[in-house]
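Encoded as structure tokens, the structure appears first; notes follow it.
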Amino acid sequence: LLEGRTALVTGSTSGIGLAIALAFAREGAKVMLNGFGTPEAISAARAELAGIQGGETPYSAADLSRAEGVRAMCAEAEAALGRVDILVNNAGIQFVSPVEEFPEEKWDAILAINLSSNFHATKAVLPGMRARGWGRIVNVASAHGLVASPFKAAYVAAKHGVVGLTKTVAIEVARSPITCNAICPGFVRTPLAEAQVAPLAKKHGVTEEAALTDYLLEKQPSKRWVEVEEVAGMAVYLCGPNSGAVNGAALSIDGGWTAS
Ligand code: NAD
């Protein structure tokens, strides 16, 4: 479905981003990775991708908490891939705390990585997409881009911002063969979400299994994790041949969370 396309996927050394990168490569795209991790984990991700797309896997170690880092990554991608047809803004972090105690540096970091990096990357790649007359921007937002939960002030604010940015860019590109959409997952089985289970079990004095279904997935009626492959499938659809009329959407993939 993506034969001949090039794609930059941010935060793709793990979790959802890595699954999207692998799915894109399986569909024929040439993908560049970005993100942190141990040298072993990054090498393993690059090798897994190389096994599908062949050659060296382009990789940027850019820190997306800084605008210069985002711009540098986009320039690296254009140099390594020739052009960026598809941008997936996926990198993100989480921090959980009551708002009165929320550390200011965590607020700044979450807004920078989860929201501002989407703006800087979109700004950097959009001129090339316009010049070539085709492009796809996929922002990995969250169910928390549509509804709130307590103790996630920065994350919820940033993800609502991502949905707003998505809609604005979508309207601006609407007359061209470029689209900009957001994916809004519920809880997905990744390191970022799994790390929230043990503290909940401890806090409520229950097993991790009970903490998962009764507390973490309290609002997710399916009572199961969304799997990274399911999110990747939605990203492939949004970048494939039949999705050109889907623009400015915030697509839920959340086991029914935002339906209730
Ligand atoms: P993850 O922790 O597995 O992956 C996050 C990725 O972002 C990693 O590759 C990490 O290295 C990268 N990253 C973090 N800070 C960075 C920085 N400063 N610069 C560059 N890269 C950086 O998490 P995940 O669950 O796969 O999350 C991916 C996206 O999906 C995030 O935007 C997250 O908010 C969103 N999301 C996750 C869930 C979930 O339940 N897991 C649900 C909804 C939305």
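Values in this text are rule-based calculations from the coordinates and carry no lab data. These figures come from a predicted structure and were not determined experimentally. Here the Cβ is made from the backbone with ideal geometry for all residues, glycine too, and neighbour counts use every protein chain on show.
How many residues does the stretch 75-102 hold that are more than 30 Å from residue 150 (Cα to Cα) and under 16 Å from the mean Cα position of the chain (by Cα)? Break it down into steps so the answer makes sense when it comes.
First, pick out the residues of the stretch 75-102 that are more than 30 Å from residue 150 (Cα to Cα): 75-87.
Filter once more, so that each one left must be under 16 Å from the mean Cα position of the chain (by Cα): 86-87.
Selection size over the stretch 75-102: 2.
Considering the stretch 77-116 alone, what residues qualify as being over 20 Å from residue 139 (Cβ atoms), touching a strand residue (DSSP E or B) at 6+ places or on another chain (Cβ under 7 Å) and not in a loop (DSSP other than H, G, I, E, B)? If the condition is that a residue be over 20 Å from residue 139 (Cβ atoms), touching a strand residue (DSSP E or B) at 6+ places or on another chain (Cβ under 7 Å) and not in a loop (DSSP other than H, G, I, E, B), then 80 is the only one that fits.
I'd like to know if the stretch 68-84 contains one or more residues that are over 16 Å from residue 8 (Cβ atoms) and surrounded by fewer than 18 Cβ atoms within 10 Å (Cβ to Cβ). The answer is yes, given that some residue of the stretch 68-84 is over 16 Å from residue 8 (Cβ atoms) and surrounded by fewer than 18 Cβ atoms within 10 Å (Cβ to Cβ). Note on the stretch 143-260: enclosed helices (runs of 4 or more DSSP H) holding 2 or more residues that are buried (at least 21 other Cβ atoms within 10 Å of the Cβ) are 153-173, 228-239.
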